[in-house]
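Trainee: Right, I'll just put the structure down here and ask away after.
The values are calculated or read from the model by the stated rules, or taken from the named source; none is laboratory data. Quick caveat, the model's predicted, so the values are computed rather than measured. All Cβ positions, even for glycine, are placed from backbone atoms using ideal geometry, and neighbour counts span all protein chains on display.
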Amino acid sequence: MTKLKSVCVYCGSSNKVDPAFLELATQMGKEIAKRGVRLVYGGGNVGLMGASSRAAHEAGGEVLGIMPHFLTKWEKPNPAFETRMVETMHERKWGLFAESDAFIVLPGGIGTLEEVVETLSWQRLELHHKPVVFVGRAFWQPFVDLIEATIETKFTPEAFRDSFFCVDTPEEAMDGLEAAYAAA
């Protein structure tokens with residue numbers, strides 16, 4: 001059985017969101033640390049990114065941030081754990097991908113969507129078989145509906161439905177990722 005060692009968390013960087021989203025990110029970080037899995041993320045110390053990474057670190061987990069230098073104008077890395085500075089967003093996304101065995105997608109905005117769509121596209125092109133989970137079914141339902149529309153109109157094959165799964169809790173996310181990774 002192969003053990004999940006490192007998981008990337010894609011999520012929002014806004015502090016202006018409903019506190020329930022920040023709490024979800026905090027609980028996700030704690031659950032990742034509890035499982036002994038490293039959290040890899042975009043490097044910022046704000047919003048859901050900051051909440052999940054701080055929670056993982058405070059729970060004794062290993063955290064790796066990957067952040068382009070130019071983003072430090074808006075977001076500062078947390079000095080309590082390792083942050084790898086890169087030059088471009090493309091380097092950041094490649095680093096997140098390369099350092100991770102699986103992907104957790106928490107609520108977020110355009111940046112989160114861009115990251116996960118690229119990850120799913122690479123999966124569709126069979127460049128990887130790493131599991132992807134969306135946490136927060138109600139939040140992600142419009143995105144799932146859009147993917148379903150692309151399947152129904154034959155732009156995406158029906159088998160793509162198996163490329164990801166959706167859950168509501170951090171525990172369900174980690175249980176599902178661990179099972180999917182072990183089976184791969």
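Trainee: Go over the candidates M67, M49 one by one and state the one that is under 15 Å from the mean Cα position of the chain (by Cα), within 19 Å of D168 (Cα to Cα) and free of Cβ contacts under 8 Å to residues at least 60 places away in the same chain. Walk me through it before giving the result.
Mentor: Details: M67 fails: within 19 Å of D168 (Cα to Cα).
None of the others qualify; the one that does is M49.
Trainee: Still on this model: May I ask you to verify whether S13 is over 19 Å from E172 (Cα atoms) and either touching a residue at least 40 places away in the same chain (Cβ under 8 Å) or of a type in the set (D, E, K, R) (or both)? Even if it seems obvious, please write down each step before you answer.
Mentor: On the way: over 19 Å from E172 (Cα atoms): yes; either touching a residue at least 40 places away in the same chain (Cβ under 8 Å) or of a type in the set (D, E, K, R) (or both): yes.
Here the answer is yes, as S13 does meet what is asked.
Trainee: Inspect all residues belonging to the range 65-80 and state whether any of them is touching a Phe, Trp or Tyr at 6+ places or on another chain (Cβ under 9 Å) and closer than 20 Å to V135 by Cβ.
Mentor: There is at least one residue in the range 65-80 that is touching a Phe, Trp or Tyr at 6+ places or on another chain (Cβ under 9 Å) and closer than 20 Å to V135 by Cβ.
Trainee: Taking the range 158-172 as the region of interest, how many residues are closer than 20 Å to E118 by Cα and surrounded by 12 or more Cβ atoms within 10 Å (Cβ to Cβ)? Write out each step before concluding.
Mentor: Pass one, the range 158-172, residues closer than 20 Å to E118 by Cα: 158-166.
Filter once more, keeping what is surrounded by 12 or more Cβ atoms within 10 Å (Cβ to Cβ): 160-161, 163-166.
Here the count works out to 6.
Trainee: Can you name every residue in the range 59-93 that is in contact with a Ser or Thr (Cβ under 7 Å, 6 or more places away or on another chain), modelled with pLDDT of 95 or more and more than 11 Å from V40 (Cβ to Cβ)?
Mentor: M67, P68
Trainee: Of E99, E152, which residue is closer than 19 Å to A182 by Cα and modelled with pLDDT of 95 or more? Before you say what the answer is, go through the steps one by one.
Mentor: Values: E152 fails: closer than 19 Å to A182 by Cα.
Result: E99 is the single residue among E99, E152 that is closer than 19 Å to A182 by Cα and modelled with pLDDT of 95 or more.
Trainee: Just the residues that are closer than 18 Å to F134 by Cα and free of Cβ contacts under 8 Å to residues at least 40 places away in the same chain, please, taken from the range 19-37.
Mentor: Selection gives A20, L22, E23, T26, G29.
Trainee: For the range 104-153, which positions are touching a helix residue (DSSP H, G or I) at 6+ places or on another chain (Cβ under 9 Å), more than 10 Å from Y10 (Cβ to Cβ) and polar (S, T, N, Q)?
Mentor: Scanning the range 104-153 gives Q123, T150.
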